[in-house]
Amino acid sequence: MADALHGRFGNNRIESAEKTFSLDAIGSRRAAELLGITIGGYRENLLAYALETKGIRYVEGHFPFSTRVLQGKERSFDYITVLRDPKERLLSHYYFNRTKSERDHFPIDISLEEWLETKQARAAGTIFLRMFCGDVELAESLQEYGNNDEALTSAIDCAIGNLNKFTIASDINYFEDYFRSLYSIDLHLNRKNKNPESDYSRLKDQPKYIQDKIHEICDPDIRIYETVIENAYSGPVRES
């Protein structure tokens, strides 16, 4: 989205260094590993730094929603995020990381069936839960859960509540329409990180046992996604 805004406004309005903070996903992961802290914790620190830096007007990247960092910031910043069907997102994640040529950032070298049994698959299937629950330490503990766990249910409710604070929390297919309706800007987004395995089998074409496993892994994110998207279609995600 930063590239689209850059094209719309030019260097002086959006991409100037003194007004923009952009997260480097690979760099932040490596820095967290170097320091021996979680990626979520490190990125939360960077988010706090960005928001407290004088003159910053635009912050972008895969930051976790942090209640303690974002408390009281709703009037200063619009929160915007793009959502995608969790089941299809999980499949896309697998095939992208299985077939990409660059093998330094979360590569996958096993079959889909094997991968779905790993902690990495469970983490990839619960991105909404962990990114939007509001507490990075809680997010780490949610790597291990049962789908009927009380703490999990509470975290799902928190994630939904936090997403309801967003100016835009839209499915990827309708995001540009939402953005245009609020800001009168045509983004003309270009998809980055296109899947090198573009003709992989979608969910409906996978064997039933694979479909069932994906549904099980993604269950928390499915609940979050369906509730937030339903709210978005029934009216504004956040009243202005």
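A few comments on the model shown:
- Residues of type lysines that Lys54 reaches as a straight line, Cα spacing below 20 Å, ignoring anything fewer than 8 places off in the same chain: Lys19, Lys73
- Whole-number accessible area per residue in Å² for segment 23-110, which is evaluated in the context of all protein chains at 1.4 Å: 56
- Protection proxy ranking, highest mean first, for peptides 29-35, 121-127: 121-127, 29-35, where packing is the per-residue count of other beta-carbon atoms within 10 Å, averaged.
- Nearest-0.05 FRET efficiency for Asp205 and Tyr174, computed from C-beta distance (R0 22 Å): 0.35
- Summing Lys and Arg as +1 and Asp and Glu as -1 over all other residues whose Cβ lies under 13 Å from the Cβ of Leu47 gives a net charge of 0.
- Between Ser76 and Ala151, the distance separating the two model label sites (each 7 Å from Cα on the Cα→Cβ line) works out to 3.2 nm.
- Pairwise label distance in nanometres, Ser184 with Ser101, each label 7 Å out on the Cα-Cβ vector: 4.4
- Residue order for Lys204, Lys73, Lys19 - accessible surface, 1.4 angstrom probe, largest first: Lys204, Lys19, Lys73
The values are calculated or read from the model by the stated rules, or taken from the named source; none is laboratory data. Just so we're clear, the structure is a prediction, and the values are computed from it rather than from any experiment. Neighbour counts run over all protein chains shown; Cβ positions are idealised from the backbone, glycine included. SASA here: full protein model, heavy atoms, side chains in, ligands and nucleic acids out. Shrake-Rupley method; radii C 1.70, N 1.55, O 1.52, S 1.80 Å.
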